[in-house]
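Report on the structure given below.
The values are calculated or read from the model by the stated rules, or taken from the named source; none is laboratory data. The shown structure was predicted, so the numbers you read here are calculated from the model rather than taken from an experiment. Quick reminder, even Gly has a Cβ in these numbers, built from the backbone with ideal geometry, and neighbours come from all protein chains shown.
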Amino acid sequence: MDGYDNLIATLDYFEHRLMSQNPITTVSELARHSGYCTHHLSGLFTAHTDMKLKEYLQARILSTIFSHAYSSNTPLNQLALVYGFHDYETFYRACKRRFKNTPSNILQSGLDSPYLQQRIYPQRHQDSEAIKGEIIILPEFTLCGLDFFIWPETRSFHRHWQQFENYQNAIQGQKNASVTFQFTAWKEGEEQTMRVLCGLEVNPASPQETIFSRQSIPKTTYIRFLHTQDVSQIRNTYQYIYGTYFSQSSYQCLGNWELQRYEKNRATIEIYIPIRM
């Protein structure tokens, strides 16, 4: 069974649990069942659907709550507790955030409501041009730079990198000023955000101003991909990585983080995905 087959089986399991009294309500719980880390499963899902897994799961959960309420007249506050909401206020906020409407209005719109998220059936993603992945082992190193917390709707990091460049020369103990890194880590929670560190490698003992953050990267095995097109097309490269490469590979991502490496005056972007060995 390849990654695509695993994705379909995992979504089938999610739907089966939705119909029980013990539904899966988080990406991390679903990822544990799949055998993948949350980042790997989320990337695989997005590559085949162009949707975010966390948003899809929540939309299906909310839709199931309303479907049950329509058919059984069970109060929404009781159903919300069954489906992972700690109280009605949390459920109310989730409806407003996802559907831009109140639970009572959604309930009144009926089973044919455009708000309800129907189950999707991802199609196997096929790419005409393969991107070679190379296994790379990098020793432990330390990054130093500026930290940013990014919301899901952010589409470009251009402004963040401009801000980093304004402060870059103030970083002490730089090992190679012509090579910069973007460390990205995904954080799970009610709002799915990610932390992005724009920085460069430094001597870990070098003192730094308080404006800067450090990130220690352990010795890790990666698969390195080279993005050779314009940066605006990098989404296509990630779609290949998770939709095709990892779907067909025996390798699995390690953790919820990754690296991008840039060399000055070189258009190629190196993408490092940590893997289990």
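Out of R17, R32, R97, R93, one residue alone is free of Cβ contacts under 8 Å to residues at least 40 places away in the same chain and closer than 19 Å to Y242 by Cα. It is R32. Within segment 138-151, residues that are among the charged types (D, E, K, R) and part of a strand (DSSP E or B) sit with their Cβ atoms under 7 Å from residues that are modelled with pLDDT of 95 or more and crowded, with 16+ Cβ neighbours inside 10 Å, at 6+ positions apart or across chains, in these pairs: D147/L197; D147/S213.
The set of residues from segment 172-223 being acidic (D, E) and within 14 Å of Y272 (Cβ to Cβ) comprises just one member, E201.
Does Q168 meet the test of being surrounded by 12 or more Cβ atoms within 10 Å (Cβ to Cβ) and touching a residue at least 60 places away in the same chain (Cβ under 8 Å)? Answer is no for this residue. The set of residues from segment 1-34 being among the aliphatic types (A, V, I, L, M) and surrounded by fewer than 14 Cβ atoms within 10 Å (Cβ to Cβ) comprises M1, A9, M19. Here the condition is being touching a Cys at 6+ places or on another chain (Cβ under 7 Å), within 20 Å of E15 (Cβ to Cβ) and surrounded by 15 or more Cβ atoms within 10 Å (Cβ to Cβ); of L62, L53, it holds for L62 alone.
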